[in-house]
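Worksheet: one structure, shown below.
What follows is calculated from the coordinates using simple rules that are stated; it is not laboratory data. Bear in mind the structure is a predicted one, so any value in this text is a computation, not a measurement. Because the Cβ atoms are built from the backbone with ideal geometry, glycine has one as well, and the counts that use them run over all protein chains shown.
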Amino acid sequence: MKSLPPLAAVAREVPADPIRSRAPEPFFSQLQGREKRRLGDAFGLRNFGVNLTVLGPQAQSALLHRHSKQDEFIYILEGAPTLVTDRGEVPLRPGMCAGFPAGGVAHHLVNRTAMPVTYLEIGDRTAGDEGTYPNDDLKAVQEPGGQWAFTHKDGRPY
């Protein structure tokens with residue numbers, strides 16, 4: 001019998017995702033120091049995801065990217081990350097938030113401090129999404145079932 005998801009949980013006690021990224025090298029190594037707790041998955045949410053994410057000192061949330069179909073939202077809980085976009089940089093602090101509509105500004109967070117950064121990231125799970133990376137020879141295509149397949153921008157596999 002399948003067990004039911006919890007009704008409530010302590011967010012920091014939800015197990016961390018053991019898979020840091022599915023991106024190929026040399027990109028995988030750039031995402032060291034990032035830890036995600038997939039809170040939405042813990043409750044069986046299907047329409048949107050919620051992650052409690054911690055960036056260690058000098059870590060980054062992702063490569064600079066944008067989504068074709070999925071919206072994203074972040075809310076800073078602790079620390080002082082820098083929001084890096086293709087339109088410039090914005091220093092963030094606890095209580096600040098930012099949203100990224102599909103097809104909009106390319107973005108990622110960088111922790112340039114010696115202290116951890118903790119934030120919530122929320123995104124929808126619209127099927128058929130693609131991720132583009134303006135600074136890297138990388139393209140991500142969401143496969144049926146939600147996994148991501150990575151190729152070079154010209155479609156060659158890694």
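Just the residues that are on the phi > 0 side of the Ramachandran plot and out of contact with any strand residue (DSSP E or B) (no Cβ under 7 Å at 6 or more places or on another chain), please, taken from region 22-50. Outline the logic, then answer.
Of all residues in region 22-50, those on the phi > 0 side of the Ramachandran plot come to 33, 44.
Once the filter is applied, which keeps residues that are on the phi > 0 side of the Ramachandran plot and out of contact with any strand residue (DSSP E or B) (no Cβ under 7 Å at 6 or more places or on another chain), region 22-50 yields only Gly44.
With the requirement that a residue be surrounded by 10 or more Cβ atoms within 10 Å (Cβ to Cβ) and free of Cβ contacts under 8 Å to residues at least 24 places away in the same chain, what does region 1-16 give you? First the steps, then the outcome.
Of all residues in region 1-16, those surrounded by 10 or more Cβ atoms within 10 Å (Cβ to Cβ) come to 5-6, 9, 11-12, 14, 16.
Of everything in region 1-16, just one residue is surrounded by 10 or more Cβ atoms within 10 Å (Cβ to Cβ) and free of Cβ contacts under 8 Å to residues at least 24 places away in the same chain, namely Ala16.
Select from region 107-125 the residues that are without any contact (Cβ under 8 Å) to a residue 60 or more places away in the chain and within 13 Å of the chain's Cα centre (by Cα) and write down the one among them that is nearest to Gly95 (Cα to Cα).
Residue satisfying both the conditions and the ranking: Leu109.
Return the residue satisfying two criteria in turn: it lies in region 17-51 and is aliphatic (A, V, I, L, M) and in contact (Cβ under 8 Å) with a residue 24 or more places away in the chain, and of such residues it is surrounded by the most Cβ atoms within 10 Å (Cβ to Cβ). Before you say what the answer is, go through the steps one by one.
Initially, region 17-51 is screened for residues aliphatic (A, V, I, L, M), giving 19, 23, 31, 39, 42, 45, 50.
Okay, now just the ones that are also in contact (Cβ under 8 Å) with a residue 24 or more places away in the chain, so 23, 31, 39, 42, 50.
Values: Ala23: 21, Leu31: 16, Leu39: 18, Ala42: 17, Val50: 18.
Here the answer is Ala23.
Would you mind telling me which numbered condition in (1) closer than 17 Å to Gln60 by Cα; (2) part of a strand (DSSP E or B) Met115 fails?
Among (1) closer than 17 Å to Gln60 by Cα; (2) part of a strand (DSSP E or B), the lone unmet condition for Met115 is (2).
Starting from residues that are within 16 Å of the chain's Cα centre (by Cα), surrounded by 15 or more Cβ atoms within 10 Å (Cβ to Cβ) and not aromatic (Phe, Trp, Tyr), keep the ones in region 91-104 and report whichever is nearest to Ser61 (Cα to Cα).
Out of the qualifying residues, it is Ala98.
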